[in-house]
Amino acid sequence: MVGGLFCRVGDALGAIHRNDAIHVSCGASRKANCLPELLWKQDALWQDTYKGELVVSLDGGNQNNMLGITLFFLALVLAVLMALPALVHTLLGSWRHRGGWTYITDAFMAGAHAIDVFGNVAYATILNDLFLKKGGYHYGKRGETISSATGRNWATGKLNWLGLGLCGLLNWIDKDHCWKSIEGGREGLKKPKPVPWYYTAAFTVLAAGLLGANAWLWWWVIF
C-alpha cells in the first residue's frame with residue numbers, strides 16, 4: 001500500500017531524531033546552556049534561545065541541506081500518484097490471493113500504521129507545540145506512532161487540553177486506543193482516568209472546522 005512510501009520517508013526523517021546521531025557542543029562562555037547529548041535532535045536544532053556555538057552534525061558528516069526537503073516532497077508526490085493504483089492493486093490482490101476482506105483490511109491497517117509513524121516523525125514540532133505541556137514526552141521518535149506518544153503523555157499527565165481532546169477522540173473510536181498503543185512497554189505507568197467528554201467534543205469540533213477550511217482552500221487553489 002501507499003503507506004509504505006510514508007514509512008520509508010518516516011525512517012529517513014527519523015534518522016535526524018536518533019539519539020546516537022547527535023553531537024552538540026557549546027562555547028565555553030555558555031557552558032551552562034549546553035544541551036544534553038541525549039536530547040532529540042529537534043531540540044538541538046530548534047532551541048533559539050541558545051546563542052553559543054551550537055554544532056550539530058548528522059552521523060558525523062556534512063549533509064546536503066536540500067536533500068531532506070527534496071526527498072520529503074518527492075515522497076509526497078509519489079504517494080499521491082500511487083494512491084489510486086495501489087488501491088486497485090490491493091483489491092485485485094485480495095482476489096488473486098483469495099484473501100478476501102481480511103486481506104484488504106490487513107493492507108489498510110498496515111498502511112494506516114505507516115502513515116501514523118510518518119506523521120509522528122515528520123510533524124513532530126507542531127505536535128509537540130500543540131499537544132504537550134512542558135516536560136512532556138516528545139513526539140518524533142523514529143518508528144513510533146502518534147498514538148503511542150499520545151498515550152505515554154496521557155499516562156504521565158503531560159497532555160494539554162488539545163492533546164487530551166486528540167486522545168479522547170482516538171479512545172472513542174477504539175476503546176483505550178492510546179493506552180493500548182503505547183510502545184516499548186508500560187512499566188511504571190498507570191492507566192489514567194478517561195478523558196472528559198468536553199475535551200473530546202472541543203477537539204472534534206475544532207478538527208472538523210480545520211478539515212473543512214483545508215478542503216475549501218484546496219478547492220479554491222485547484223479550481
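The values are calculated or read from the model by the stated rules, or taken from the named source; none is laboratory data. Nothing here was measured: the structure is a model prediction, and the numbers come from that model. All Cβ positions, glycine included, derive from the backbone under ideal geometry; neighbour counts span all protein chains shown.
Using the structure shown, decide if Asp106 is among the charged types (D, E, K, R), assigned to a helix (DSSP H, G or I) and farther than 28 Å from Trp197 by Cα.
In short, yes.
Go through segment 165-193 and give me each residue that's within 14 Å of Ile146 (Cβ to Cβ) and outside any helix (DSSP H, G or I).
Asp174, Ser181, Ile182, Glu183
Take the conditions out of contact with any Cys (no Cβ under 7 Å at 6 or more places or on another chain) and either in contact (Cβ under 8 Å) with a residue 60 or more places away in the chain or surrounded by 15 or more Cβ atoms within 10 Å (Cβ to Cβ) (or both) and apply them to Gly111. Does it pass?
When the stated conditions are applied, Gly111 passes them.
For Gly165, work out the one condition from (1) assigned by TED's automatic domain parsing to the domain that holds Gly68; (2) closer than 19 Å to Pro192 by Cα it doesn't fulfil.
With (1) assigned by TED's automatic domain parsing to the domain that holds Gly68; (2) closer than 19 Å to Pro192 by Cα applied to Gly165, the lone miss is (1).
What residue, of Ala122, Ala149, is in contact with a Phe, Trp or Tyr (Cβ under 6 Å, 6 or more places away or on another chain) and among the small types (Gly, Ala, Ser)?
Working: Ala122 fails: in contact with a Phe, Trp or Tyr (Cβ under 6 Å, 6 or more places away or on another chain).
Among Ala122, Ala149, only Ala149 is in contact with a Phe, Trp or Tyr (Cβ under 6 Å, 6 or more places away or on another chain) and among the small types (Gly, Ala, Ser).
Regarding Glu183, is this residue assigned by TED's automatic domain parsing to the domain that holds Gly157 and touching an Asp or Glu at 6+ places or on another chain (Cβ under 8 Å)?
So Glu183 passes the test.
Sort through Ile126, Ile69 and tell me the only one that's part of a helix (DSSP H, G or I), free of Cβ contacts under 8 Å to residues at least 12 places away in the same chain and under 29 Å from Gly185 (Cβ atoms).
Ile126
Between a residue in segment 199-221 that is at negative phi and part of a helix (DSSP H, G or I) and any residue that is among the aromatic types (Phe, Trp, Tyr) and surrounded by 10 or more Cβ atoms within 10 Å (Cβ to Cβ), which pairs come within a Cβ distance under 9 Å, given they are 6 or more apart or on different chains?
Pairs found: Tyr199/Trp161; Thr200/Trp172; Ala202/Trp161; Phe203/Trp161; Thr204/Trp172.
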